1. Return the residues of the stretch 104-118 that are surrounded by 17 or more Cβ atoms within 10 Å (Cβ to Cβ) and either in contact with a His (Cβ under 7 Å, 6 or more places away or on another chain) or part of a strand (DSSP E or B) (or both); say none if nothing qualifies.
2. Looking at (1) more than 24 Å from the chain's Cα centre (by Cα); (2) closer than 30 Å to residue 430 by Cβ; (3) of a type in the set (A, V, I, L, M, F, W, C), can you tell me which one residue 34 breaks?
3. Could you list all residues from the stretch 106-136 that are farther than 21 Å from residue 56 by Cβ and in contact with an Asp or Glu (Cβ under 7 Å, 6 or more places away or on another chain)?
4. For the stretch 274-295: of the residues being outside any loop (DSSP other than H, G, I, E, B) and under 13 Å from residue 379 (Cα atoms), which is nearest to the chain's Cα centre (by Cα)?
5. Tell me whether the stretch 119-135 contains one or more residues that are open to solvent by less than 60 Å² (accessible area, probe 1.4 Å), in contact (Cβ under 8 Å) with a residue 12 or more places away in the chain, among the acidic types (Asp, Glu) and within 30 Å of residue 371 (Cα to Cα).
6. Pairs, please: C-beta under 6 Å, at least 6 apart or cross-chain, first residue touching a residue at least 40 places away in the same chain (Cβ under 8 Å) and in the stretch 225-250, second small (Gly, Ala, Ser)?
7. Can you pull out every residue in the stretch 26-65 that is closer than 30 Å to residue 191 by Cα, open to solvent by 20 Å² or more (accessible area, probe 1.4 Å) and not aromatic (Phe, Trp, Tyr)?
8. From the residues in the stretch 175-233 that are more than 16 Å from the chain's Cα centre (by Cα), polar (S, T, N, Q) and open to solvent by 50 Å² or more (accessible area, probe 1.4 Å), which one is nearest to residue 313 (Cα to Cα)?
Amino acid sequence: MSTDETKEKVKRASNNTTVLPNVYPEKKDIEILVKKAAEGKKDSASVQLFTSIMLFAHASRASDVHIEVGREQGSIRYRIDGILQDLFVLPTTVQNRLISLIKILTHMHTDEHRAPQDGRYQFSTPKGDVDVRASIIPCADGEKAVLRLLSSESHKLSLEQLGFSPTDLVKVQKATRRPWGMILATGPTGSGKTTSIYAILETLNTRDVNISTIEDPIEFHIEGINQSQVDQVAKLTFANGLRALLRQDPDIIMVGEIRDQETAEISVNAALTGHKLLSTLHTNNAAAAIPRLIDMGVEPFLLASTLSCAIAQRLMRRVCTNCGEKIDLQKSEVEKILGEKAVKELFGDKTTVQVVKSKGCEKCNNTGYHGRVGIYEVMEMSEELQKLAISRVSSEQIENQAIKEGMTSLLKDGVAKVLGQETTFEELVRVMRE
């Protein structure tokens, strides 16, 4: 059968209403479909299984689906609330069919098995359409696929819903209202930086301003915002794209990530010439954003006068409200695990504090957690911090001065959410050790 015939067959099978797009399957339904796909040779059986896998992933709030290959069998793992969970086991033949199906759906080369490939497609759910970014890479025993689910719901969070403390929220809103300057979201991969930047963009998105972005890739499409994607083949890099955007009469510019000296310098100059610029940066905390950009070649005096605020963040899993239970946490237990600074933040003068512990139930898939909450530190530039930036001091000195001026550290915000019983002590330890 030719490739075109196969594509047409898959297209017809994917429109099969046996698995209705308005009904979420259960885990047992997928396990039955795995057996049917293993027994049958029809493309429709594999399409039906794949459709159910993706619908179940969306219902489970998974951000990624890993379809992995092994010597004897394949497996499917979902990343839920930042943690990978094994969900299904697949015969190798079924796993190979799913990989072929993904290639067809995302317009990859079906006859290429030795080179990495990327693609996109979209599927429907009871809550709307979901964009999927697919990546396939060859492994020792075959090919592995990772599918990133980009649901429109996840970027519609407002600043108020992200989990900022009242004090930090005021600082971010203040920086957002400034007509110029640079706002940076910092943190490791998967810490929610892009979600925070999108929340700020949604706040700024009105018809009296021109908002333009250069992203790699475009994670969510926002009505009213001009979004461009990095394209290495067309030589559209962050730096080149940013230069082009400056000729597009922008009021607000969003750069997906500052990765190199050229992008950093153009970003700072854009903010200096009256534009509001939003971007992300990989640093461990907010204070480290200053020496990081200076190391990239940005002049300290330019950075000091353009940076409005830096937001450092992490994501912690929320404890399941259905099975979480209150416990007394002893100071003596914590001293063995955390440092003196963390112990002091958590206990103060007390020897015991009441926190919540996760147990696990059917509602949270026996993980004890359901959803995530952000912890933040928001460093807004002051005259003293500007002087320190110009003096090229260490990030530690900048952080100490920012805390002296009232900045809430990541640790302190995390402790507040543990004491507020939004999350667990174990989750604080996991996140702060990353």
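1. The one that is surrounded by 17 or more Cβ atoms within 10 Å (Cβ to Cβ) and either in contact with a His (Cβ under 7 Å, 6 or more places away or on another chain) or part of a strand (DSSP E or B) (or both): 117.
2. Just one mismatch for residue 34, condition (2).
3. Once the filter is applied, which keeps residues that are farther than 21 Å from residue 56 by Cβ and in contact with an Asp or Glu (Cβ under 7 Å, 6 or more places away or on another chain), the stretch 106-136 yields only 113.
4. 289
5. So far as the stretch 119-135 goes, yes, one or more of its residues are open to solvent by less than 60 Å² (accessible area, probe 1.4 Å), in contact (Cβ under 8 Å) with a residue 12 or more places away in the chain, among the acidic types (Asp, Glu) and within 30 Å of residue 371 (Cα to Cα).
6. 250/212
7. 26, 27, 51, 58, 59, 60, 61, 63
8. Across the stretch 175-233, the extreme among qualifying residues is 203.
The values are calculated or read from the model by the stated rules, or taken from the named source; none is laboratory data. Quick caveat, the model's predicted, so the values are computed rather than measured. FYI the Cβ positions are ideal-geometry reconstructions off the backbone, even for glycines, and counts take in every protein chain you see. For accessibility, only protein heavy atoms count, side chains too; no ligands or nucleic acids. Shrake-Rupley method; radii C 1.70, N 1.55, O 1.52, S 1.80 Å.
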